[in-house]
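The values are calculated or read from the model by the stated rules, or taken from the named source; none is laboratory data. All figures in this text were calculated on a predicted structure; none of them were measured in a lab. Using ideal geometry, Cβ is built from the backbone for each residue, glycine included, and neighbour counts are taken over all protein chains shown.
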Amino acid sequence: MTDRKKTMFDLSGKAALISGGASGIGLAIAQAMLEQGAKVLIASRNQDKVEAAVKQLARATETDQIDAAAPIVTGTGLDVTSDRSVEAAVKRTVDLFGRIDILVNAAGVMLRKPTFELNPADFNQIYDTHVTGSLRCAKAAGHLMREQHSGCIINLASISSFVDLIEVAAYAAAKNAVLGLTRALANEWAKFGIRVNAIAPGFVPTDINRKMIENTDRGRRILEHTPMGRFGEAREIAGAAVFLASPAASFVNGHTLVVDGGYLASGIGDSTAWWTGGDGSAPAIAPGAE
Ligand SMILES: NC(=O)c1ccc[n+]([C@@H]2O[C@H](COP(=O)([O-])OP(=O)(O)OC[C@H]3O[C@@H](n4cnc5c(N)ncnc54)[C@H](OP(=O)(O)O)[C@@H]3O)[C@@H](O)[C@H]2O)c1
């Protein structure tokens, strides 16, 4: 690992468990936390994917301590819909690092379907992963954080926690519930030294949504509604996670940090829309608009 100057975003000595940490936003968060000095255990269902991601992280952060008795980054299997699997992943974090300071709930699945075709089993599976899964992980890690009297939990919310994104009702319901869970835990567990916050990312092409938004009509409409005129990158979400886990956020609790290029701020349109002259060819005020 290269030398770093310590800042208020420093995570040296912190131990992090990141569900869904083998790809996309979870993987970017793992890398950013490693870069700030944390020790990281990434976890998801597909063991091959986890192993490949651990190697990628070790390369990116210039650490070769992936197999050592005292690793800096390693991985484990985890299914957040299973109590036993969650308990095992949290135990593994503590066995490896001696403590658990940071839990990131980034495991996620997505289902797009007209709601008339959405059956309760589909709905429950989405809910179980995002909401009950986050609760399972939070409780298992929270017991240990309470003993330490310190800890930080970061949940992944979404733009669909705030506005409808059409034909993703189960995901929307789950991501709304993530906001409630975040506030409830933040309120109940502050007295145990545990802060609980959420990040609501804008649109970041990853395995969960790439087919839906890259080179599609849906994606085009998203970009038209995004003042910054582009999708986000997973790394741009990771900065928010480092902030929330760091001493810089020591008084931030129960908050949902939106990182969306201005999507939620844009209301009826954005500065790239033709009627604002954003494309350079249309007049600043549409003819007859005065
Ligand atoms: N990308 C976006 O635009 C966006 C926007 C808003 C919110 N989010 C949220 O951000 C989080 C990360 O998503 P992402 O975009 O990074 O997608 P991603 O690359 O597909 O990552 C999701 C990860 O969750 C893991 N996972 C799924 N079910 C699991 C389970 N039952 N137990 C453990 N791990 C499980 C998957 O790995 P395995 O298959 O190996 O289990 C996968 O690596 C999700 O909560 C997502 O809803 C994403």
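In table form, for the structure just shown:
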{"quantity": "Selected residue (only one of A53, A32 is within 11 Å of the ligand (Cβ to nearest atom) and crowded, with 16+ Cβ neighbours inside 10 Å)", "calculated": "A53"}
{"quantity": "Output for the stretch 13-29, where each listed residue is out of contact with any helix residue (DSSP H, G or I) (no Cβ under 6 Å at 6 or more places or on another chain), surrounded by fewer than 24 Cβ atoms within 10 Å (Cβ to Cβ) and not basic (K, R)", "calculated": "G13, S23"}
{"quantity": "Residues of the stretch 19-71 that turn out to be modelled with pLDDT of 95 or more and part of a loop (DSSP other than H, G, I, E, B), as a count", "calculated": "9"}
{"quantity": "Unique match (being near the ligand (Cβ under 10 Å from one of its atoms) and under 13 Å from the mean Cα position of the chain (by Cα)) among I237, I222", "calculated": "I237"}
{"quantity": "Residue list for the stretch 167-219, restricted to those being under 19 Å from M110 (Cβ atoms), more than 16 Å from the chain's Cα centre (by Cα) and crowded, with 23+ Cβ neighbours inside 10 Å", "calculated": "A170"}
{"quantity": "Pair list, Cβ < 9 Å and 6+ apart or interchain, from the stretch 80-102 residues that are farther than 23 Å from L34 by Cβ and in a helix (DSSP H, G or I) to residues that are among the small types (G, A, S) and modelled with pLDDT of 95 or more", "calculated": "D83/A140; S85/A43; S85/G77; E87/A140"}
{"quantity": "The listed residue being within 16 Å of A245 (Cα to Cα) and away from the ligand (no atom under 12 Å from the Cβ), out of A200, A190, A173", "calculated": "A190"}
{"quantity": "Within the stretch 93-105, tally of residues that are more than 14 Å from the ligand (Cβ to nearest atom) and within 21 Å of the chain's Cα centre (by Cα)", "calculated": "4"}
{"quantity": "Complete set of residues in the stretch 103-124 that are in contact (Cβ under 8 Å) with a residue 40 or more places away in the chain and assigned to a helix (DSSP H, G or I)", "calculated": "T115, D122, F123"}
{"quantity": "Boolean, R136 is within 22 Å of A88 (Cα to Cα) and charged (D, E, K, R)", "calculated": "yes"}
{"quantity": "Complete set of residues in the stretch 35-50 that are away from the ligand (no atom under 11 Å from the Cβ) and buried (at least 24 other Cβ atoms within 10 Å of the Cβ)", "calculated": "A38, K39, V40, L41"}
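Every residue, every condition in (1) more than 16 Å from the ligand (Cβ to nearest atom); (2) crowded, with 22+ Cβ neighbours inside 10 Å; (3) not hydroxyl-bearing (S, T, Y), yes or no:
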position: L57; (1), (2), (3): no, yes, yes
position: G75; (1), (2), (3): no, yes, yes
position: V86; (1), (2), (3): no, yes, yes
position: A107; (1), (2), (3): no, yes, yes
position: F116; (1), (2), (3): yes, no, yes
position: Y127; (1), (2), (3): no, no, no
position: M145; (1), (2), (3): yes, yes, yes
position: L156; (1), (2), (3): no, yes, yes
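Results for (1) under 14 Å from L257 (Cβ atoms); (2) at pLDDT 95 or above, shown as yes or no for each residue.
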position	(1), (2)
F203	no, yes
T206	no, yes
E214	no, yes
E224	no, no
P227	no, no
I237	yes, yes
L244	yes, yes
